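A.B. asks: Let me begin by handing over the structure; questions about it come next.
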Amino acid sequence: MTRWHAAYAWLDGRTGPDPDVLIEVTEGRFTAIDAGVPAPPDATRLAGLVLPGLANTHSHAFHRALRGRTHTGGGTFWTWRERMYDVATRLDPDSYLALARATYAEMALAGITCVGEFHYLHHAPDGRPYADPNAMGAALVEAAAQAGVRLTLLDTCYLTATVDGKPLAGPQLRFGDGDAAGWAARVDAFRPAGDHARLGAAIHSVRAVPAAQLGD
């Protein structure tokens, strides 16, 4: 068990900060939070105001590379998308690890302790799977571990380019798994390394997943 003692902690937004809060954690989980407790000698003292960790529930880590680069002449969604695709074509598992680690570290410094990563950058730029078909997802898991945040990897199904079902092309090729069954098989084979990460699933949009594939 690990114990911390906060001079003040925000436990209930209706009453404001509580003084002298003892926090106990066992195997990574809170087991007791008690206010009005004098600091025991074995507790680590936390000065100032302690807040619960924040959650970023919808992240695209690779979009961090777009910050400040998409508003030339005002910009539109379409100009933004072209620059997003340009970034997407350049990344591989190693460079994605570096970019995501920096992104998650920024989150940690801002007080974000857990992140839901909406992940659709799955394969090589030509659409072929890496030797490990989940190498890009594994890079995100490792990036979160190195940055010290918890991760729910929302592996995202992305199958078509348009609402009327046109096939993926160009930069979009690396997003797709052919069909819903192929996507599900790849995701099912992935076992994230580390207690900080868990695997979830997401559908990108009605544009990217045809209605006929939703039942699969």
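A.B. asks: Given the criteria touching a residue at least 40 places away in the same chain (Cβ under 8 Å) and within 22 Å of residue 54 (Cβ to Cβ), does residue 116 qualify? Spell out how you get there, then give the answer.
C.D. replies: Values: touching a residue at least 40 places away in the same chain (Cβ under 8 Å): yes; within 22 Å of residue 54 (Cβ to Cβ): yes.
Answer is yes for this residue.
A.B. asks: With respect to residue 127, determine if the residue is within 17 Å of residue 96 (Cβ to Cβ), touching a Leu at 6+ places or on another chain (Cβ under 8 Å) and in a loop (DSSP other than H, G, I, E, B). Step through it out loud before you land on a result.
C.D. replies: Details: within 17 Å of residue 96 (Cβ to Cβ): yes; touching a Leu at 6+ places or on another chain (Cβ under 8 Å): yes; in a loop (DSSP other than H, G, I, E, B): yes.
Judged against the criteria, residue 127 is a match.
A.B. asks: Looking only at segment 43-58, count how many residues are surrounded by 12 or more Cβ atoms within 10 Å (Cβ to Cβ), part of a strand (DSSP E or B) and among the small types (Gly, Ala, Ser).
C.D. replies: Counting residues in segment 43-58 that are surrounded by 12 or more Cβ atoms within 10 Å (Cβ to Cβ), part of a strand (DSSP E or B) and among the small types (Gly, Ala, Ser) gives 1.
A.B. asks: Let me ask something else about it. For the condition closer than 18 Å to residue 153 by Cβ, of a type in the set (Phe, Trp, Tyr) and either open to solvent by less than 90 Å² (accessible area, probe 1.4 Å) or within 22 Å of the chain's Cα centre (by Cα) (or both), what is the one hit in 104, 85? Before you say what the answer is, go through the steps one by one.
C.D. replies: Details: 85 fails: closer than 18 Å to residue 153 by Cβ.
That would be 104, the only listed residue that is closer than 18 Å to residue 153 by Cβ, of a type in the set (Phe, Trp, Tyr) and either open to solvent by less than 90 Å² (accessible area, probe 1.4 Å) or within 22 Å of the chain's Cα centre (by Cα) (or both).
A.B. asks: What pairs come out if I take residues in segment 57-70 that are over 22 Å from residue 151 (Cα atoms) and pair them with residues that are loosely packed, with under 15 Cβ neighbours inside 10 Å whose C-beta lies under 8 Å away, six or more apart or interchain?
C.D. replies: 70/79
A.B. asks: Any chance segment 200-213 includes a residue that's open to solvent by 30 Å² or more (accessible area, probe 1.4 Å), free of Cβ contacts under 8 Å to residues at least 40 places away in the same chain, in a loop (DSSP other than H, G, I, E, B) and basic (Lys, Arg)?
C.D. replies: No: zero hits.
A.B. asks: Kindly provide the set of residues from segment 130-161 that are open to solvent by less than 20 Å² (accessible area, probe 1.4 Å), outside any helix (DSSP H, G or I) and in contact with a His (Cβ under 7 Å, 6 or more places away or on another chain), ordered by number.
C.D. replies: 151, 153, 155, 156, 157, 158
A.B. asks: Report yes if residue 156 is touching a Leu at 6+ places or on another chain (Cβ under 7 Å) and of a type in the set (S, T, N, Q), otherwise no.
C.D. replies: no
A.B. asks: Please go through segment 59-74 and give me each residue that is in a loop (DSSP other than H, G, I, E, B) and not hydroxyl-bearing (Ser, Thr, Tyr), ordered by number.
C.D. replies: Answer for segment 59-74, where residues must be in a loop (DSSP other than H, G, I, E, B) and not hydroxyl-bearing (Ser, Thr, Tyr): 60, 67, 68, 69, 71.
A.B. asks: Quick one: is residue 199 modelled with pLDDT of 95 or more and closer than 25 Å to residue 82 by Cβ?
C.D. replies: no
The values are calculated or read from the model by the stated rules, or taken from the named source; none is laboratory data. Values in this document were obtained by computation on a predicted structure and should not be read as measured data. Note: ideal-geometry Cβ built from the backbone for every residue, glycine included; neighbour counts use all protein chains shown. Calculation scope for accessible area: heavy atoms of the full protein, side chains included, ligands and nucleic acids excluded. Shrake-Rupley method; radii C 1.70, N 1.55, O 1.52, S 1.80 Å.
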